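Chemist: Can you keep this structure in mind? I'll have questions shortly.
Please treat every number below as a calculation from the coordinates, not as lab data. Since the model is a prediction, treat every value here as computed from it, not as a measurement. All Cβ positions, even for glycine, are placed from backbone atoms using ideal geometry, and neighbour counts span all protein chains on display.
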Amino acid sequence: MTTWWAARAVVDGSAHDRVVIEAAGGVITRIDSDTDAPSDARVLAGAVIPGAVNAHSHAFHRVLRSRTHRGRDSFWSWRDQMYAAAAVLDPESYRGLARAVFAEMLEAGYTAVGEFHYLHHAPGGATYADPNEMSHALAAAAEEVGIRLVLLDTLYLAGGPGVAPDATQVRFSDGSAEAWAERTSALSTSGLVTHGLAVHSVRAVPPEAIAVAAAVARERGVPLHAHVSEQPRENDESRAAYGRTPVELLRDAGALGSDFTAVHATHLTNTDIAELGGSHVCVCATTERDLADGIGPIPALREAGAMLCLGSDSHAVIDPFEEARAIELDERLGSRRRGTFTGEELLGVMTTGGASALGLPDAGLAVGAPADFIEVATSSVRLAGHDQAALADAIVYAAAPADVRTVVVAGIERVRDGAHISVDTAVELDRSIRQVTGT
Ligand SMILES: [Zn+2]
């Protein structure tokens, strides 16, 4: 058993003082407030909150940071640069890169990540001796650094409606939904790693294959994710090829529901918004900004009943606080209205929303919940002088990854004093990114 004592903590959405947290076997076994620190407790001077959940990640996109932001290019030319990185990764370099990126996420306050993984096969499309070798590389990376991983094995079959995969995309394809289902049936849960499934997008997967994927996910009882309507061009292509929007295609394939997550959901019709009411929607605000995607109809989706979560997606930024406040701040820019989302609500999007989308147990601080939590320094230059009666607002609107002092996953401290306990994150990032980019 391990015991922590925190000066403050957010429990059930509200701030408590002098909180004792005990964990055993990876779960919280005791949580009490207004208590003196036990003599054997690790004392945390800041505020403890549940760990942030990154519901949408492509770890290898991290190599693009600072290399793709300039110029007047588009999502589609950005994608060409991303494909150049995808073309050179092998299991060893993929593992090294993911290890460093997952360590960066931990240091930023994410305790769990949903990795939307489609880099399945060798360059040229050949199958590795173990067809799941690239998945195993991600799982090993997560276990090594101690982040909870939901590996969303992604179905990817086409370069567009009726278009065969190109030279890069053949690495992503299993050739058929049935072959993908067969390959992914060999994936097993262990330690910090569980599995879910994904359909890349209606661009990359034809309707009949989406129906197969939805049926397989239901049968296995795992979450299903898909990129949805990130760009208007995707909607135009879907309408031209199938006479329906991407959301309508997903609905007709039986994909929508409480175990489904629509990633982005930026360009939607009113019908699309109503259809997504029973599903999750993953907002990836910093990536959507970077790629000039637009601002999604997030308040309308919430109104329709969609459950919100967030993801750092392309890792232009890895910062759960920025990702959370961006939902409200981008909405202010678009609507010229303030106060659509409260700080408490955004903290929920950052934590429990992501856990729900990834099929993880509730991410709150409670007895029986996974012991996944972080300590945010409340005395930093960013939070100094904050309103003590509005702790959630202070954290969501002012905190930064530099304020994350301690990160606990499954009851074990992975980050202490702001640094990963066993990974020199900046050194490993630098080495693995230069290896992939050759610069
Ligand atoms: Zn994505």
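Chemist: In whole Hz, what ³J(HN,Hα) sequence does region 59-64 give by Karplus (6.51, -1.76, 1.60; θ = phi - 60°), x for Gly and Pro?
Modeler: 3, 6, 5, 4, 5, 7
Chemist: Relative to the present Cα-Cα distance, how much length would full extension add between Thr35 and Ser188 at 0.36 nm per residue of separation? Don't jump to the answer; show the numbers that get you there.
Modeler: Values: separation 153, 0.36 × 153 = 55.08 nm, distance 4.14 nm.
Taking Thr35 through Ser188 to full extension adds about 50.9 nm, to one decimal.
Chemist: To continue, here is another question. Can you give me the orientation-averaged projected area of the convex hull built on the Cα atoms of region 84-146, in nm²? All intermediate terms of the calculation are to be shown ahead of the outcome.
Modeler: Working: hull surface 17.4 nm².
Dividing the Cα hull surface by four gives the mean projection, 4.4 nm².
Chemist: Efficiency by 1/(1 + (r/R0)^6): what FRET value for Val43 and Glu144, r their Cβ-Cβ distance, R0 = 35 Å, to the nearest 0.05?
Modeler: Details: r = 28 Å, r/R0 = 0.81.
According to the calculation, E is roughly 0.80.
Chemist: Before rounding to the nearest 500, sum -39500 (n - 2.57) across all DSSP H runs of length at least 4 in the chain and divide by the residue total; then give [θ] at 222 nm in deg cm²/dmol. Mind showing how you got there, number by number?
Modeler: Details: 15 runs with 149 residues, N = 439.
Theoretical 222 nm ellipticity from helices: -10000 deg cm²/dmol.
Chemist: Using only C-alpha atoms and all pairs of different ones, pull out the Kirkwood radius for region 156-284 in Å with one decimal. The partial results should precede the final answer.
Modeler: Values: mean 1/r = 0.0671 Å⁻¹.
About 14.9 Å for region 156-284.
Chemist: Quick one: check the C-alpha center-to-center distance for region 137-164 versus region 57-114, whole angstrom.
Modeler: Cα centroid to Cα centroid, the span is 12 Å.
Chemist: Hey, what did the chain get for relative contact order, percent, Cα under 8 Å, at least 6 apart? Let's see the in-between values first.
Modeler: Values: 990 pairs, mean separation 91.7, N = 439.
In percent, rounded to a whole number, it is 21.
Chemist: For the residue pair Tyr242 and Thr439, what label-to-label distance in nm results when each label sits 7 Å from Cα along the Cα-to-beta-carbon direction?
Modeler: In this crude label model, Tyr242 to Thr439 measures out at 3.6 nm.
Chemist: OK, next. How are the alpha carbon pair distances in region 149-232 distributed across 10 Å bins from zero to the largest one, expressed in percent?
Modeler: 18, 51, 26, 4, 0
Chemist: Please list the equivalent ellipsoid semi-axes of the chain, computed as the square roots of five times the alpha-carbon gyration tensor eigenvalues, in descending order and whole angstrom. Kindly include the intermediate steps, with their values, before the conclusion.
Modeler: On the way: eigenvalues 235, 117, 83 Å².
Working through the eigenvalues yields semi-axes of 34, 24, 20 Å.
Chemist: Which angle from 0 to 90°, rounded to the nearest 10, does the C-alpha axis of helix 91-108 make with the longest principal axis of the chain?
Modeler: The angle comes out near 40 degrees.
Chemist: For helix 133-145, what angle does its Cα long axis make with the longest principal axis of the chain, in degrees from 0 to 90 and rounded to 10?
Modeler: Its long axis makes an angle of about 10 degrees.
Chemist: Does anyone have the angle between helix 320-335 and the longest principal axis of the chain? Alpha-carbon axes, 0 to 90°, nearest 10?
Modeler: 70
Chemist: How far apart, in nm, are two points set 7 Å out from the Cα along the Cα-to-Cβ line at Ser379 and at Asp417?
Modeler: 1.5
Chemist: Another one. Summing Lys, Arg as +1 and Asp, Glu as -1, what charge do residues with Cβ under 15 Å from the Cβ of Gly125 carry, Gly125 excluded?
Modeler: Net local charge, Gly125 excluded: -2.
Chemist: Quick one: compute the contact order of region 1-123, relative version, from alpha carbon pairs under 8 angstrom and 6+ residues apart, as a percent. Display every interim value, and only then the final one.
Modeler: On the way: 161 pairs, mean separation 30.3, N = 123.
Dividing the mean separation by the residue count of region 1-123 yields 25 percent.
Chemist: Still on this model: For region 263-359, what is Rg from Cα atoms divided by 2.2 N^0.38 Å, rounded to two decimals? Write down the numbers at each step before the final one.
Modeler: Numbers: Rg = 12.2 Å, N = 97, 2.2 N^0.38 = 12.5 Å.
With N residues counted in region 263-359, Rg over 2.2 N^0.38 Å equals 0.98.
Chemist: Taking the Cα-to-Cβ direction at Leu333 and at Asp424 and moving 7 Å from each Cα, how far apart do the two end points lie in nm?
Modeler: A separation of 3.8 nm, rounded to one decimal place.
Chemist: While we're here: Relative contact order, percent, of region 62-170 when contacts are C-alpha pairs under 8 Å separated by at least 6 residues?
Modeler: Details: 107 pairs, mean separation 32.6, N = 109.
Normalised by residue count, the contact order of region 62-170 is 30 percent.
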